[in-house]
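Trainee: Structure provided below as structure tokens; questions to follow.
The values are calculated or read from the model by the stated rules, or taken from the named source; none is laboratory data. This one's a predicted model, so the numbers in the text were calculated from it and none came from an experiment. Here the Cβ is made from the backbone with ideal geometry for all residues, glycine too, and neighbour counts use every protein chain on show.
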Amino acid sequence: MKAISTVLLLLSSITLSFAQLSEYQPFWGQSDDYLVLRKWKDGTSEKYWAVHPKTLQTMILENVTVKPMTRDDARSWVSRTPYGRAMYTEQTRDGALQDAGLTRTQPNEKGFSLTMDLCPSHKPLTRDVFEDLIAAFEPEEKPVPITITITGLWMQSHAEDLQWLKNLEKRGDLRITWVNHSFHHQYDPKLPLTRNFLLSKGTDMASEILLNEQAMIQNELTPSIFFRFPGLISDKSIFDEVLNVGLLPLGSDAWLAKGQKVQPGSIVLIHPNGNEPVGITDFIKLLKTNASSIKKKDWLLYDLPASLSKN
Ligand SMILES: [Zn+2]
């Protein structure tokens with residue numbers, strides 16, 4: 001009996017800290033230049049989440065006129081835009097177990113895009129790495145553009161750290177592209193990769209995507225058009241589920257803790273969630289080694305949506 005009431009108590013505390021949005025669902029439509037991909041109800045008004053197919057910037061819209069479309073019509077409307085082209089590239093990169101999706105932006109760039117994963121963790125945010133990053137790139141780049149991929153469980157247990165990041169954004173030190181990294185980010189170190197992360201038995205892929213989007217919106221983060229698979233692990237079936245709700249899976253060609261090297265146009269991956277200190281140390285070393293190139297603007301951080309919108 002005690003066990004049951006503990007479980008009920010836990011469940012109710014989760015529900016209290018995360019109430020879902022009303023009728024939140026995938027949807028296809030057009031509002032001016034925007035492609036609408038989600039809709040939900042807020043009181044008596046409809047709200048929408050939409051992407052600009054040329055800039056890859058996303059926005060939450062309300063009090064707008066939306067023309068509903070079929071998914072096929074939406075696809076053909078955007079086919080000649082950077083979003084349509086990115087979607088096409090994704091379809092050719094959907095089969096690998098590890099690191100499927102976009103892994104690099106523009107090889108002619110003088111720098112790279114930085115992605116930081118906030119997988120569930122009991123440890124506090126590694127704030128030093130953000131402070132070092134801002135110190136290294138300002139004033140050459142202000143705000144410093146970075147991409148943070150985030151999970152529902154991390155948000156639930158790190159309210160103060162999340163507020164700290166949002167304050168850096170408000171102060172103009174960082175420009176953050178927020179990426180969905182699934183709600184629960186299941187992981188079991190004992191299971192093989194083919195049955196781990198989002199390939200774990202019983203995973204409801206649609207709810208992992210949509211629950212986390214709602215948690216992001218309720219935490220006042222605008223989800224970007226990207227999705228990152230936990231562990232960078234996927235198969236064709238879950239990869240296609242991500243594409244089918246309009247999102248662009250984001251891999252990495254430079255996971256620093258795995259010894260991969262940064263190239264021009266790399267999508268670099270580090271974990272500031274306290275669970276991968278090796279990658280953080282490598283990254284801080286890299287900042288120091290390249291300090292003079294940063295000052296000469298020969299080594300820059302790129303904004304991911306802006307980089308991909310040049311394709
Ligand atoms: Zn992760």
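Trainee: Among the residues of segment 186-222, how many are more than 16 Å from the ligand (Cβ to nearest atom), under 26 Å from residue 163 (Cα atoms) and touching an Asp or Glu at 6+ places or on another chain (Cβ under 8 Å)?
Mentor: Total meeting the criteria: 0.
Trainee: If you don't mind, another one. If you go through segment 227-243, how many residues are touching a Leu at 6+ places or on another chain (Cβ under 7 Å) and among the acidic types (Asp, Glu)?
Mentor: Of the residues in that region, 1 qualify.
Trainee: A further question on this structure: Mind checking which residues of segment 248-307 are β-branched (Val, Ile, Thr) and in contact with a His (Cβ under 8 Å, 6 or more places away or on another chain)?
Mentor: 280
Trainee: So is residue 59 on the phi < 0 side of the Ramachandran plot and either in contact with an Asp or Glu (Cβ under 6 Å, 6 or more places away or on another chain) or assigned by TED's automatic domain parsing to the domain that holds residue 185 (or both) or not?
Mentor: Judged against the criteria, residue 59 is not a match.
Trainee: Oh, and also: Name the single residue that is surrounded by the most Cβ atoms within 10 Å (Cβ to Cβ) among those in segment 104-133 being hydroxyl-bearing (Ser, Thr, Tyr) and more than 16 Å from the ligand (Cβ to nearest atom). Steps first, please.
Mentor: First, pick out the residues of segment 104-133 that are hydroxyl-bearing (Ser, Thr, Tyr): 105, 113, 115, 121, 126.
Now narrow it down to the ones that are more than 16 Å from the ligand (Cβ to nearest atom): 105, 113.
On the way: 105: 24, 113: 27.
Taking the candidates together, the pick is 113.
Trainee: Is it the case that residue 238 is under 24 Å from residue 127 (Cα atoms) and touching a residue at least 12 places away in the same chain (Cβ under 8 Å)?
Mentor: It is false that residue 238 is under 24 Å from residue 127 (Cα atoms) and touching a residue at least 12 places away in the same chain (Cβ under 8 Å).
Quick grid of which residues meet (1) under 20 Å from residue 50 (Cβ atoms); (2) modelled with pLDDT of 95 or more:
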position: 74; (1), (2): yes, yes
position: 83; (1), (2): yes, yes
position: 97; (1), (2): no, no
position: 100; (1), (2): no, no
position: 110; (1), (2): no, no
position: 121; (1), (2): no, yes
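Trainee: Now for a separate question. Would you check if residue 256 is away from the ligand (no atom under 15 Å from the Cβ) and in contact with an Asp or Glu (Cβ under 8 Å, 6 or more places away or on another chain)? Quick ask: steps written out before the conclusion?
Mentor: Details: away from the ligand (no atom under 15 Å from the Cβ): no; in contact with an Asp or Glu (Cβ under 8 Å, 6 or more places away or on another chain): yes.
Taking the combined requirement at face value, the residue does not satisfy it.
Trainee: Sticking with this structure for a sec: Under 7 Å by Cβ, and 6 or more places apart or on different chains, what pairs join a residue from segment 158-185 that is farther than 18 Å from residue 242 by Cα with one that is of a type in the set (S, T, N, Q) and surrounded by fewer than 20 Cβ atoms within 10 Å (Cβ to Cβ)?
Mentor: 162/219
Trainee: Out of all the residues in segment 111-123, is one or more touching a Ser or Thr at 6+ places or on another chain (Cβ under 8 Å) and among the β-branched types (Val, Ile, Thr)?
Mentor: Checked segment 111-123: at least one residue is touching a Ser or Thr at 6+ places or on another chain (Cβ under 8 Å) and among the β-branched types (Val, Ile, Thr).
Trainee: Scan segment 138-157 for residues that are within 26 Å of residue 112 (Cβ to Cβ), within 16 Å of the ligand (Cβ to nearest atom) and free of Cβ contacts under 8 Å to residues at least 40 places away in the same chain and jot them down.
Mentor: Listed by number, the list holds a single entry, 148.
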